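Visitor: Below: one structure in structure tokens.
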Amino acid sequence: MTSQPKPGAEPFAAEGGRTGVLLSHGFTGSPASMTPWARHLAGRGHTVRVPLLPGHGTTWQHMNRTRWDDWYGELDAVLTDLRSRCDRVVVAGLSMGGCLALRLAEQRPDDVDAIVLVNPAVNVRRLDIKLVPALQWIVPSMPGIGNDIKMPGQDEVGYDRTPLKALASQLVMWKDVRAHLPSVTQPLLMFRSDDDHVVDASSQSIILDGVSSAVAELVPLADSFHVATLDHDAELIFERTDAFIAEHVSEPA
């Protein structure tokens, strides 16, 4: 039986104009990490969606029964709904949400007009993560990765444990997304924290070297940790996203 989302982890939706923005939270996180950004975009007149990915916002044990195709399937369905309402759609994601955004761009190039990534994850160098495909059959979880936030008092409403069967599935998705990066041609905006304790710099270079986008902007974040959307640089993320949408997601003729 699926539990109800924790307070603060509920999905977010706002109706607006003909530009839609689909925001995805990260692995073991929740919409709480994206809601301030979503409210800002809604205030700009956009139609905005922040779904709660399956297995998130409840318990890590529940998440351990979900896999990457469950998370991707939810975003895919929300993108279909947004396309029925909007002329243009921007897909944005934090951490694993960035990987999911890239996969949508790879699989549905005609439905994704631009991509915005915040500390996206498609790879890690940590040895313990590389052992997860074997560890998942020995232990159910490891210490959590949530709330890597420099600003005091912020909470992404995530888990304090990392479910290993779910994590092993994420690693499979990473490999799939990395293999298809050359098919990404949409304008891309990436934010990268100088001090990120969750995702190392290897994902940045893999993505920027791998995509075929004519526009691929990198914006460093000097005063934020991993969950930068809730950190000191959040306003910079919001403002640069506004400018990026205005420049690269054109109005219909």
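Visitor: Condition first: open to solvent by less than 10 Å² (accessible area, probe 1.4 Å), at pLDDT 95 or above, in contact with a His (Cβ under 8 Å, 6 or more places away or on another chain) and closer than 21 Å to Gln204 by Cα. Can you find one or more residues in region 121-140 that meet it?
Guide: No, that holds for no residue.
Visitor: Examine region 66-73 for a residue that is surrounded by fewer than 24 Cβ atoms within 10 Å (Cβ to Cβ), under 12 Å from the mean Cα position of the chain (by Cα) and modelled with pLDDT of 95 or more, and state whether such a residue exists.
Guide: Scanning region 66-73, I find at least one residue that is surrounded by fewer than 24 Cβ atoms within 10 Å (Cβ to Cβ), under 12 Å from the mean Cα position of the chain (by Cα) and modelled with pLDDT of 95 or more, so the answer is yes.
Visitor: In region 46-61, what count of residues is obtained for those that are over 26 Å from Thr19 (Cα atoms), part of a loop (DSSP other than H, G, I, E, B) and among the hydrophobic types (A, V, I, L, M, F, W, C)?
Guide: Residues meeting the conditions: 0.
Visitor: Now for a separate question. For Leu218, indicate whether it is open to solvent by 70 Å² or more (accessible area, probe 1.4 Å) and assigned to a strand (DSSP E or B).
Guide: So Leu218 fits the description; yes.
Visitor: Could you go through region 119-127 and let me know if any residue there is outside any loop (DSSP other than H, G, I, E, B), touching a residue at least 60 places away in the same chain (Cβ under 8 Å) and under 26 Å from Arg240 (Cβ atoms).
Guide: Taking every residue of region 119-127 in turn, none turns out to be outside any loop (DSSP other than H, G, I, E, B), touching a residue at least 60 places away in the same chain (Cβ under 8 Å) and under 26 Å from Arg240 (Cβ atoms).
So that you can scan it fast, the table gives a plain yes or no per residue for (1) assigned to a loop (DSSP other than H, G, I, E, B); (2) open to solvent by 10 Å² or more (accessible area, probe 1.4 Å):
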{"position": "Lys6", "(1), (2)": "yes, yes"}
{"position": "Ala9", "(1), (2)": "yes, no"}
{"position": "Ala13", "(1), (2)": "no, yes"}
{"position": "Gly17", "(1), (2)": "yes, yes"}
{"position": "Leu22", "(1), (2)": "no, no"}
{"position": "Arg39", "(1), (2)": "no, yes"}
{"position": "Ala42", "(1), (2)": "no, yes"}
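Visitor: Please tell me if Ala201 is surrounded by fewer than 16 Cβ atoms within 10 Å (Cβ to Cβ) and modelled with pLDDT under 95.
Guide: no
The values are calculated or read from the model by the stated rules, or taken from the named source; none is laboratory data. Computed from a prediction, not measured in an experiment: that's the story for all the values here. Ideal geometry is used to build each Cβ from the backbone, glycine not excepted, and the neighbour counts take in all protein chains shown. The area values use the complete protein model at the heavy-atom level, side chains included, leaving out ligands, DNA and RNA. Shrake-Rupley method; radii C 1.70, N 1.55, O 1.52, S 1.80 Å.
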